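Any read-out appearing in this document is the output of simple, stated calculations on the displayed coordinates, not a laboratory observation. Model, not experiment: these values are computed from the prediction. Cβ placement follows ideal geometry from the backbone for every residue including glycine, while neighbour counts extend to all protein chains displayed.
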Amino acid sequence: MKTTLEEAKENSHEDIVNHLQQLLEKNYDAEAGYKKAMTDADSSQLKNFLKQQAVLRNRFATELDKEIRDLNETPKEKGSVTGSLHRTWIDIKTAVTGNDDEAVLEECIRGEKASVSEYEDALTNQQFPPKIQHTLTKQVDEVKATLHKVKSLEDLKD
């Protein structure tokens, strides 16, 4: 029979892993979303930016994968059904509105805002070990920088 402390530690471990798995899945989705957006963008400058963001999200996924493995758990290997449905929605939207860079940037902003919210929610509602806390804080700061950059790119279109 488990003690209350053992049960609390087990539940905490599960919560940490679940939060990391969700963020991992979201980064797989973001990487795929940026790759998809590259095909919709017209500007070579925008395509290059989107490629850099896909690489960044791949790095985030690799870091989260390692953190999950360090907790002796098996990381998820792909994104979510929701992410796949979102990319389908983007396909439909771009077919209707035309593949223009402004629409691509708007979707990037929406996606980055959602990422910031998910990271901040995880960081606020979960006590992570210091190493994981540092990794997640660093990642959310980079997502915020991306959001700022995307907004500035959108301003250039006006």
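Summing Lys, Arg as +1 and Asp, Glu as -1, what charge do residues with Cβ under 12 Å from the Cβ of ASP70 carry, ASP70 excluded?
-1
How much net charge surrounds PHE60 when only other residues with a Cβ under 14 Å from its Cβ are counted (Lys, Arg +1; Asp, Glu -1)?
My count for the surroundings of PHE60 gives -3.
Quickly work out the ARG59-to-LYS149 label distance, labels modelled 7 Å from Cα along the C-beta direction, and quote it in nm with one decimal.
0.9 nm
Too long at a 28 Å Cα-Cα cut-off: which of LYS76/LYS131; LYS76/LYS144; LYS131/LYS151; LYS36/LYS151?
Violating the 28 Å limit, Cα to Cα: LYS131/LYS151.
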